[in-house]
Each structure stands twice: as structure tokens, then as C-alpha cells.
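Input: a single structure, listed below in C-alpha cells.
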Amino acid sequence: MNEDQYKNIFNLKGKTAVVTGGIGILGKSFCAGLASFGANVVVIDLDEKKILSFVKELKGKYGTDSMGVSCDVTSPNEVNKTIESILNKYGSIDILLNNAQGETIAKDFEDCTLEDWRVTSSVNEEGYFLMSQAVGLSMAEKGNGGSIIQTSSIYGILGPDHRVYEGATIDGKQMGTRAVYSFTKAGVIGLTKYLATYWADKNIRVNTLTPGGVENGQHKKFIEQYSNRVPLNRMAKKDDLVGAIIFLSSDASSYITGQNIIVDGGLHSW
């Protein structure tokens, strides 16, 4: 590889990137980062009006093509129709970022019903399965390889320190994290490792991004207590995670698959 090739190793020009949960706090930053490196970005979420507004913003700011689709990732029919529409426009999908996040019902473990559980698991597990299946099949058939990135969480690899939520509220209710969230986010890592070996012969790389806590206007007490648990002594900013996404999407990570890239300010190192 010559000097110019090294300079262009992160270039995503001409590649198509699909981002689920694309208008969420992390999704918007991920989409913007991918577009800024030249990718055609397909923004998938539920609110069509907000999706189309954000797509217009991406096009205006970065000058790359972008497409917005309202899609329930827990519906096989909607997922298949969405992937078909993307392929009809762009011909192939090079990058999939499974980033959708299901709502979590704020109940203690003992009080959680199966219906409550499935509100989260239907998106965090089945949605990731359906999107990976549909996009991975397309990548395998095209024969050009690709990169699948799946968003997990620090609570997928560590048990939460419930003390950081003490005295902190959101909308007047006690803050906390739920068992279904940890369960599903740990499953994301397992799916990544399975698919990394399953599709390796197709040159489809599959990796996980595991963020630590991201500051997003939470209760001041929580931010302080969480930050005190982190070696870098702060929560993540949403843009702290974008570099890892660009890296995993690009040729800079061409020999990396089955990995869990942890971006948590060192929390898991204690």
C-alpha cells in the first residue's frame, strides 16, 4: 500500500451505508459521520417526517446521496421491502449499522411481564436478526463483501452498578437500567461472533460497538455518579463514538472481524 492509499484508507465514497435507529441520539451522529466520509447513507427509523427532514439535512451539509425509510425492523415484510427498495436505488449495500433500540418498560425484574420484556427484545434481538439476515444475504449474493456493525452496550458485558442511579430521576421517576437491556445487549455480542465466522468466507466482516454511558441531558446526580466510576472521569459525548464506526466501516479495519470495540472511557478496566 502506497502513501496515497494510506491517506484514503478511511474513505467511504461510493459505498452505501444503512443505519437503523438513524434519528436517535447516536444514530444521527453515526449517519453524519458516514456521510462526511463520502458514504451514501440510508436512514431507517419509525418517524417518517423526522427521517425525511434529517435526510434533507445530510444531503445539504455533506453533498452525498441519502435516503430515508420508515421501517419497523421487527417486521419481516417491512425489512424485506426496505432492503429491496435500497438495492433498487443503489445496487448494493456495503455497510449495515444495526443501531435501533427498543423501548424499555420501567419495571423491576420481579414485576416485569413477558409482554414487557418483548417490547425491548423484539427490537434489540429480532430486529438485529432480521436486518442482519436480509443485508447479509444481499452482501453474500453480490460477492463484494461488506461490514456489519452492531451496537451493544457496556451493560452487555458488565453488570450495572445500581448505586449510580441513587437520587437520580427522569420525568419524576427513579432512574435505573433493566435486566432485559443487559440480556439483549449481551446477545448482540454473541450474534456478532457467530456471524463473523458464518460469513467469513464471503468477506463479510461483523463487529460490535459497545458504548459506555452517553451524556444526554440526564439528571445531574446521575451524570456525576456515573462519571466518578469512569477512569476518564466523564460520560461519553455522542461524537466520541463516531470514529469507531468510521473505522469499522472502512478498509482501515479490513482484517478485523468478530470483535467487540469498547468505547467506555475505561469503565470496564477497573
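The values are calculated or read from the model by the stated rules, or taken from the named source; none is laboratory data. Owing to the predicted nature of the structure, the values given are computational and were not obtained by experimental measurement. Neighbour counts run over all protein chains shown; Cβ positions are idealised from the backbone, glycine included. To get the accessible areas, we keep the full protein, side chains included, count just its heavy atoms, and leave off ligands, DNA and RNA. Shrake-Rupley method; radii C 1.70, N 1.55, O 1.52, S 1.80 Å.
Structural remarks
- Of the helices (runs of 4 or more DSSP H) contained entirely in the range 22-115, those carrying at least 1 residues that are at pLDDT below 95 and not hydroxyl-bearing (Ser, Thr, Tyr) fall at 25-36.
- Complete set of residues in the range 131-178 that are over 30 Å from ILE204 (Cα atoms), out of contact with any Lys or Arg (no Cβ under 7 Å at 6 or more places or on another chain) and either assigned to a loop (DSSP other than H, G, I, E, B) or polar (S, T, N, Q) (or both): GLY159, PRO160, GLU166, THR169, ASP171, GLY172, GLN174, MET175, GLY176, THR177, ARG178
- Residues in the range 225-250 that are surrounded by 15 or more Cβ atoms within 10 Å (Cβ to Cβ), assigned to a helix (DSSP H, G or I) and in contact (Cβ under 8 Å) with a residue 40 or more places away in the chain: GLN225, TYR226, LYS238, LEU241, VAL242, ILE245, ILE246, PHE247, LEU248, SER249.
- Residue list for the range 54-85, restricted to those being of a type in the set (S, T, N, Q) and open to solvent by 70 Å² or more (accessible area, probe 1.4 Å): ASN77, ASN80
- Of the criteria (1) farther than 24 Å from GLY136 by Cβ; (2) touching a strand residue (DSSP E or B) at 6+ places or on another chain (Cβ under 6 Å); (3) open to solvent by 20 Å² or more (accessible area, probe 1.4 Å), which one LYS28 fails: (2)
- Identity of the residue in the range 182-218, loosely packed, with under 15 Cβ neighbours inside 10 Å and either assigned to a loop (DSSP other than H, G, I, E, B) or of a type in the set (Val, Ile, Thr) (or both), that ends up modelled with the highest pLDDT: THR197
- Candidate set: the range 89-132, residues that are of a type in the set (D, E, K, R) and in contact with a helix residue (DSSP H, G or I) (Cβ under 7 Å, 6 or more places away or on another chain); chosen: the one nearest to LEU26 (Cα to Cα): GLU103
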